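Here's the structure, in structure tokens; my notes come after.
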Amino acid sequence: MSLNPVNKGGSTVKGNKPFTEMGGDELQDHFHPQKRERMYAPKVVVKEYEVQTTTGDLLLRYNPAMKAIMIAKVDIEGHEGHFLKGASLLFSKFPPCVMTIELIPEWLERAGTPAKEVIDMLAGWGYKDVPSVAQFKKLGTRTIMQTDMTTCVERVRAYAREAAHP
């Protein structure tokens, strides 16, 4: 992981965003573009950390309550495509009824998961009104819902009851 030195929420997997591969003056200019601002700003350093990862499908395997996700937010700074690929069982059988997702085409492309591929996965899992690549370029983040919300909500409630009373 590359820790964003200015906005911790903008930290990302190395390579997903351009700043993770910058150094020297290029890195300083990226975070402090104005020469005057740069004179007074602390030197920017991108720290890197090794972290363990898992998949949504593995989480589902060990936590059946994940069958009852009503609402999800997926905002992983360019790694959304990898998350979705690693959660294909979860999303194909137990998709959240409502999902807010950030898709920045440039970041997805850098991560090796083109936006079109991610959009096709979402549509294939029953989400309606999934924006096009062009719409995501303008908006970045969108909230999408399952086409059959009634069935989805009933499924979530049934699994939630089951998880509460095993």
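The values are calculated or read from the model by the stated rules, or taken from the named source; none is laboratory data. Because the structure is a prediction, the values reported are computed rather than measured. With ideal geometry, Cβ positions are generated from the backbone for all residues, glycine too; neighbour counts draw on all protein chains shown. Please note that ligands, DNA and RNA were not included when accessible areas were found on the heavy atoms of the full protein model with its side chains. Shrake-Rupley method; radii C 1.70, N 1.55, O 1.52, S 1.80 Å.
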Subset of region 116-156 [touching a Phe, Trp or Tyr at 6+ places or on another chain (Cβ under 6 Å) and either under 30 Å from residue 18 (Cα atoms) or among the small types (Gly, Ala, Ser) (or both)] | 144
Is it the case that residue 106 is surrounded by 16 or more Cβ atoms within 10 Å (Cβ to Cβ) and under 26 Å from residue 18 (Cβ atoms)?
-> no
Among 111, 87, 41, the single one that is crowded, with 19+ Cβ neighbours inside 10 Å, at pLDDT below 95 and aliphatic (A, V, I, L, M) is 111
If you take the residues in region 64-81 that are in a helix (DSSP H, G or I) and in contact (Cβ under 8 Å) with a residue 60 or more places away in the chain, which one is most open to solvent (accessible area, probe 1.4 Å)?
-> 64
Count of residues meeting criterion [exposed (fewer than 14 other Cβ atoms within 10 Å of the Cβ) and either modelled with pLDDT under 95 or small (Gly, Ala, Ser) (or both)] in region 147-166 | 6
Among residues of region 114-146 being in contact with a Gly (Cβ under 9 Å, 6 or more places away or on another chain) and not hydrophobic (A, V, I, L, M, F, W, C), the residue most open to solvent (accessible area, probe 1.4 Å) is 117
Within region 112-134, track down each residue that is within 23 Å of residue 58 (Cα to Cα) and touching a helix residue (DSSP H, G or I) at 6+ places or on another chain (Cβ under 6 Å).
-> 113, 118, 121, 125
